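**Q** Handing you a structure now.
Throughout, read-outs are computed from the coordinates displayed, never taken from laboratory work. Fair warning: this is a prediction, and the values are worked out from it, not measured in the lab. For neighbour counting, all protein chains shown are included, and Cβ atoms are generated from backbone atoms with ideal geometry for every residue, glycine included.
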């Protein structure tokens, strides 16, 4: 990634969702991100480079809590959103490298033992270990309950057998947070999480997956992979809830990444429109161009407000130690759906405004067009987010009894879809 010649607007930092610590974070991150130059032609080498740079600069400390060397007392959704928004503006691959450190270790933050925290979280925050989150399977994406991977008890641990796919950092990570069935008859209530080190015998991570916007992805195969009893993460058969809690923390940050890409596309469109000469004036002088730029700006701000609201709701509930006001899961779903869909529209309009240059390989809008597409799928496809929101709307208001014609929504079915069809953030 070459240093960017455009910078994102920072006017959103004045919104009441943020406090001075968030504003200082964003102000410090922007010049650092602008100054980086990483050769991203080899996505795996580039991701290693980004993790090292992010770790050395201290930005990965926002992926772990203070007790494990983190920058803040606990994981802060607003900080994650701002970090991902700024990184994605400059380099979607930098955003990917950052996000996977958080998502890949998030379950350990939430449910890990003191020893697991020491062994994994501190190295993640320094960039010494690369993390991965392994939930999806060939036939179990949105429907986590259909998971087929098994974990069977042994004399002193567990034997894992099965397959995970669409795993971000697959073949690159030093460890994987893996979810497997420990009670095959219990559906989503029979899943347990495990920490599996990359060098564990029986784990094959060599099957890499090529995608339209290059990112390190792989299929993982577990062939009688034996892990010690200490590798269990959280409660027995509590893996589904742990996976959903982890995704709830990071779903709003996916929206933040989409905002960063959308803002970059708008910046590129504005710059192009002001420079492109046609019919004796610039492209920006045409009312049609002005109307299109206005629509793009409004789409971005609509997604931004929902994103910042969702992040603030989660942080506020954590700080108060009480349930969030309103439906936090639905708020995160609204943010993820709106920000990713709107950013896709904005990037498409920016590409159209560039004309032939927009589809030329190597231009920024062309790479953004490929980068944004997967965000509408992973960590809960748009259709799954719609389901979550719809069930929330149909759920009776607090204090009002449920009637036969008022579906309850929610529950495992509503949350199950939040897992997404792909573990790449």
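**Q** Can you give the angle from 0 to 90° between the axis of helix 77-90 and the longest principal axis of the chain, with both taken from C-alpha atoms, to the nearest 10?
**A** Compared with the principal axis, the helix lies near 50 degrees.
**Q** Expressed in whole Å with the largest first, what are the equivalent ellipsoid semi-axes of the chain derived from the C-alpha gyration tensor as the square root of 5 times each eigenvalue?
**A** 35, 25, 20
**Q** Based on other C-beta atoms within 10 Å, arrange 295, 40 from fewest to most.
**A** Lowest to highest Cβ neighbour count: 295, 40.
**Q** Moving to a separate point now. Hey, fewest Cβ within 10 Å first, where do 95, 327 land in order?
**A** 327, 95
**Q** Quick one: plug the Kirkwood hydrodynamic radius of the stretch 264-330 (C-alpha pairs) into Stokes-Einstein at 37 °C, 0.692 mPa s, and report D in µm²/s.
**A** 224
**Q** Which shape class, rounded, prolate or oblate, goes with the stretch 12-97 when its Cα gyration tensor gives a ≥ b ≥ c as root eigenvalues, a/c under 1.5 marks rounded, and past that a/b bigger than b/c marks prolate?
**A** oblate
**Q** Once the Cα atoms of helix 239-275 and of the chain are each reduced to a long axis, what angle between those two axes, in degrees from 0 to 90 to the nearest 10, is obtained?
**A** 10
**Q** Note down the nm distance, to one decimal, between modelled labels 7 Å out along Cα→Cβ at residue 318 and at residue 128.
**A** Placing both labels 7 Å beyond Cα along the Cβ direction yields 2.4 nm.
**Q** If I model a spin label as a point 7 Å beyond the Cα along the Cα-Cβ vector, how far apart are those points for residue 185 and residue 21 in nm?
**A** Roughly 4.8 nm, to one decimal.
**Q** Another question about this same structure. Which ordering of 38, 393, 365, 81 is given by a fewest-first count of other beta-carbon atoms within 10 Å?
**A** Result, fewest neighbours first: 393, 38, 365, 81.
**Q** Another question, if that's okay. Rounded, prolate or oblate, given the Cα gyration tensor of the stretch 254-365, with a/c below 1.5 counting as rounded?
**A** In terms of gyration-tensor shape, prolate.
**Q** Normalised by the number of residues in the stretch 133-239, what is the relative contact order in percent for Cα pairs under 8 Å and 6+ residues apart?
**A** Across the stretch 133-239, relative contact order equals 31 percent.
**Q** To check my understanding: the extent here is largest minus smallest coordinate of the Cα atoms along each principal axis. What are those three numbers for the stretch 79-150, in Å, largest first?
**A** Result, largest extent first: 38, 32, 19 Å.
**Q** For the chain, find the longest principal axis of its Cα atoms and tell me its angle to the long axis of helix 20-35, 0 to 90°, nearest 10.
**A** With both axes taken from Cα atoms, the answer is about 70 degrees.
**Q** To the nearest 500 deg cm²/dmol, what mean residue ellipticity at 222 nm is calculated for the chain from DSSP H runs of n ≥ 4 alone, each contributing -39,500 (n - 2.57), summed and divided by the residues?
**A** Calculated mean residue ellipticity at 222 nm is -15500 deg cm²/dmol.
**Q** Moving to a separate point now. At a Förster radius of 25 Å, what calculated FRET efficiency corresponds to the Cβ-Cβ distance of residue 360 and residue 301, to the nearest 0.05?
**A** 0.30
**Q** In nm, to one decimal, how far is the residue 290 label point from the residue 73 one, both placed 7 Å along Cα→Cβ?
**A** Spacing of the two 7 Å Cα→Cβ label points: 5.0 nm.
**Q** Could you work out the equivalent-ellipsoid semi-axes for the stretch 133-239, taking the square root of 5 times each eigenvalue of the Cα gyration tensor, largest first, in whole Å?
**A** They are 22, 16, 11 Å, listed from largest to smallest.
**Q** Determine the distance separating the Cα centre of the stretch 142-190 from the Cα centre of the stretch 332-393; give it in Å without decimals.
**A** 30
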